[in-house]
Amino acid sequence: MKRKRWIFLCLVSALMSLCFGMTALAAGWKTGTGSNQNRWWYDYEDGTYAKSGWQWLDGNQDGTAECYYFDSEGWMAADTVTPDGYQVNRDGAWVENGVVVAREAQTQKEEKNAISGNQLIVYFSRTGTTERAAERIHELTGAQIVKIEAIESYPSSYEATLSRAERELDTKARPAITALVDHMDQYDTVYVGYPIWYGTAPMPVFTFLETYDLSGKTIVPFCTSGGSGVETSVRDIRRSCPDSNVTDGRRVNDVSGIQPWLSSLGLLR
Ligand SMILES: Cc1cc2nc3c(=O)[nH]c(=O)nc-3n(C[C@H](O)[C@H](O)[C@H](O)COP(=O)(O)O)c2cc1C
């Protein structure tokens, strides 16, 4: 009789540990398979996963969140220095002077939105320079990134682009652009990137700014150029978006300046 009860208890306990094991697995952290079996990623269980930057996570549900860095494919960094220069330990947690940096956990949704969920990057780029800067911001913030494209694309010839751009500037044209964003209301910070064309942003950027309701949102302009500064374009963006908080912009031909700039704006952790 005693033996039967012991077997019963063993079965119950095995079942419970299986259930808890599965719960823990489903709660977020997962390992890869095959050659990635020792690598970790974090599943939000809503069809998305942590990637492209930092994320506070309370993986073991103890009320304390630690900060982890994920690459663009979603693999957690471990025992290394992250691309933006921070140390993470063997468990992937951010450490300062050997001590894990921790804070009180928020809900998963709050944690996810805290860094990337409420930020959007839109950019226009003809030859890829601004695109590189936009991708750096994406790496740092994990924000959604979309490209503004004129429905009638710009000519491949530089000279022909110059004359079309000049004509569009003179006539204050608003060239039609491809549809970009479904739910603008979910974002409160919008990074807007562009090359300087004739001292300001290309006209398709203004089409974007004036198509969507950006009132109440923070707009963060960034540009690349052959030498011109960002100031005139920021003035023009403020005119187009009088009800938005348009921060001072930045010329970011050198992408290494982006991280300190965004930190100074309080847009990185
Ligand atoms: C139509 C046109 C106008 C331009 N006007 C300026 C300008 O006024 N000042 C400047 O410094 N660079 C100017 N440039 C150079 C671009 O701003 C610069 O090459 C930029 O980095 C290109 O970015 P992209 O590769 O993302 O298109 C102009 C380029 C084009 C095609």
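A few comments on the model shown:
- Here residue 78 and residue 132 are evaluated by their C-beta separation; at R0 = 25 Å the FRET efficiency comes out at 0.35.
- Average projected area [Cα convex hull, the range 184-226], square nanometres: 3.0
- Stretchable slack from residue 181 to residue 167, in nm (0.36 nm times residue separation minus alpha-carbon distance): 2.3 nm
- Proximity of backbone amide H atoms, modeled 1.01 Å from N, is registered between residue 149 and 178 at under 5 Å, excluding neighbours fewer than 5 places apart on the same chain.
- Based on alpha carbons, the Rg and Dmax found for the range 118-264 are 14.1, 40 Å.
- For the range 126-149, the residues whose amide N sits under 19 Å from a probe point set 7 Å from the Cα of residue 160 along the beta carbon direction are 126-128, 149.
Every number in this text was worked out from the coordinates using simple rules, so none of it is lab data. Please read these numbers as outputs of a predicted model, since none were measured by experiment. Every residue, glycine as well, gets a Cβ built from its backbone with ideal geometry; the counts of neighbours run over all protein chains shown.
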